[in-house]
């Protein structure tokens, strides 16, 4: 088993590679006996594409999630269980503008009439490549090519990351979380509140625990403390957006815990069910064309829910909270938390009525996600 230093190095390697993709810089993905050169379709510029063209052993392909590939290549014979689809890129589409158009359904369509994107065999590392893009909160759309034998690689000074490290990253980052700061933060609805920050070994974004009273001191025979796993929502939590019910759920959970005298709210840095704020805004734009929240996520190439609840379980365990009553209307949260070793001793109803703007959103959550809103 790898020691903590090796785990931290692996996590940092993935974090750095994802950051380079966000900057438009190509990276090297290694594993399964091959080396794949990658660039994110939404961020790569002319210089990055020139690097790809110089180092590629074969013409680059576009790797897409199947749900997005079904739109840009509708006759490619796609199967929903595929991890990734590889499409041949005609030279005319090997430009930053065309690649962004292929990656982003909210962007202007730049495909010339009659353009056909033919399927190619997907590289063995295609799934790990899309996973790396997702870790960078990028659209799951990457330009990829196997690289030539090596002298030129040294001149370009590209980061190399192992596919195995990418696939292990979500669990490794969650397991490496450590408390890094704590302070009393009296809240309007809960004066006896503390905020504890947790950071993973890669030095990435922090997750927060908001403790009301002393939930970690619940006695063995007493009722399990109230808990809520709340994914951050900039638009709902901070701006009071009417498109969702996140703001009322956040404030309602704090009030409920304060009334009971204790509770813990795990505030996860997993905006938009794990797709990130930028992609959530793109999903909103697609919803304004008639898609519901689930189909909008899929149109972008994301799954219905990309969150990692092992993060919450690790935080609860480090707080000394091994059993909870969960404030939620989402049955999947109950199962996910229990599967991670937390004793879930009951569900406490936590839903709020529609406001005239989010009625369709709430109906979709109940009908397509199985949320218990009644």
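Laboratory data are not the source of any read-out in this text; all were calculated from the coordinates shown. As the structure is a computational prediction, the values presented were derived from the model and not from experiment. When we count neighbours, we look across all protein chains shown, and the Cβ atoms used for this are built from the backbone with ideal geometry, even at glycine.
Some observations on this one:
- Computed FRET value (nearest 0.05) for residue 94 with residue 355, which takes r as the C-beta separation and R₀ as 51 Å: 0.65
- Protection-proxy order for peptides 263-276, 312-325, each taking the mean of Cβ atoms within 10 Å per residue, highest first: 263-276, 312-325
- Each Cα pair under 8 Å and six or more residues apart adds its sequence gap; the mean of these over the residue count of the stretch 4-171 is a relative contact order of 36 percent.
- With contacts taken as Cα pairs under 8 Å at a separation of at least 6 residues, the stretch 236-371 carries a relative contact order of 25 percent.
- Rough spin-label spacing in nm, given labels placed 7 Å along Cα→Cβ, for residue 222 and residue 185: 2.4 nm
- The alpha carbon centroids of the stretch 221-243 and the stretch 266-307 are separated by 18 Å.
- Evaluated at q = 0.19 Å⁻¹, the base-10 log of the normalised Debye intensity for the stretch 249-374, with identical point scatterers placed on the Cα atoms, takes the values -1.21.
- From largest to smallest, the equivalent ellipsoid semi-axes obtained for the stretch 4-171 from the alpha-carbon gyration tensor read 25, 18, 15 Å.
- Stretchable slack from residue 251 to residue 289, in nm (0.36 nm times residue separation minus alpha-carbon distance): 10.6 nm
- Take every pair of alpha-carbon atoms less than 8 Å apart whose residues are at least six positions apart; their mean separation over the length of the chain yields a relative contact order of 16 percent.
- Computed from Cα atoms alone, the Kirkwood hydrodynamic radius reported for the stretch 17-98 is 13.7 Å.
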